[in-house]
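The structure appears below as structure tokens.
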């Protein structure tokens, strides 16, 4: 259809920003006085998994707090971080965290439903795998949809890409 503009709604994290946040957190954990002698550490445990450990439960939670602070400073939404409860593994307490990368089908349906119910007339949406493509003839309508989705309280992070 000629003359239509579009953009994609996605739920992805910038892996480089997360890597920078993780490296900053690891450096801070290694230098801070309150982490001395606690075997506190944070590291990658796969492509989108992070593992934190320390010799005490409160210290491993503090490592998680440092990591969250660094993520926020780097502009990564905390909704993309799914941290488990601390578990004991030998002498250490560990927290496994997973970073969400991509929308589930249910999350895409939720976004599409909000667009269908509340967006201006003439705006269409289409689920394409892990993203939702939004079409409209007027760019102002697309910007209204972006503003609408930013106001929504989803339990996952959303970003807007490929605005054309």
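The values are calculated or read from the model by the stated rules, or taken from the named source; none is laboratory data. No experiment lies behind these values; they were computed from the predicted model shown. As a convention, Cβ positions derive from the backbone with ideal geometry for all residues, glycine included, and neighbour counts pool all protein chains shown.
Structure notes:
- The set of residues in the stretch 33-53 that are touching a strand residue (DSSP E or B) at 6+ places or on another chain (Cβ under 7 Å) and more than 15 Å from residue 20 (Cα to Cα) comprises 38, 39, 40, 41, 45, 51, 52, 53.
- Matching residues in the stretch 58-107 - criterion: being part of a loop (DSSP other than H, G, I, E, B) and more than 17 Å from residue 44 (Cα to Cα): 74, 75, 77, 85, 90, 91, 102, 103, 104
- From 141, 155, residue being farther than 24 Å from residue 3 by Cα and not assigned by TED's automatic domain parsing to the domain that holds residue 22: 155
- Hits in the stretch 98-130 - residues which are in contact with a strand residue (DSSP E or B) (Cβ under 7 Å, 6 or more places away or on another chain), in contact (Cβ under 8 Å) with a residue 24 or more places away in the chain and closer than 15 Å to residue 154 by Cα: 100, 103, 108, 111, 115
- Residues located in the stretch 33-43, provided they are on the phi < 0 side of the Ramachandran plot and surrounded by 14 or more Cβ atoms within 10 Å (Cβ to Cβ): 35, 38, 40, 41, 42
Rundown of residues vs (1) touching a strand residue (DSSP E or B) at 6+ places or on another chain (Cβ under 9 Å); (2) buried (at least 17 other Cβ atoms within 10 Å of the Cβ); (3) in contact (Cβ under 8 Å) with a residue 12 or more places away in the chain, yes/no style:
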site: 31; (1), (2), (3): no, no, no
site: 55; (1), (2), (3): yes, no, yes
site: 87; (1), (2), (3): yes, no, no
site: 91; (1), (2), (3): no, no, yes
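- Restricting the stretch 131-141 to residues that are at pLDDT below 90 and in contact with a strand residue (DSSP E or B) (Cβ under 6 Å, 6 or more places away or on another chain), the residue that is farthest from residue 9 (Cα to Cα) is 139.
- Among the residues of the stretch 135-162, those that are under 18 Å from the mean Cα position of the chain (by Cα) and either within 14 Å of residue 110 (Cβ to Cβ) or surrounded by 13 or more Cβ atoms within 10 Å (Cβ to Cβ) (or both) comprise 146, 149, 152, 153, 154, 155, 156, 157, 158, 159, 160.
- Qualifying positions in the stretch 6-57 - assigned to a helix (DSSP H, G or I) and under 30 Å from residue 147 (Cβ atoms): 15, 16, 17, 18, 20, 21
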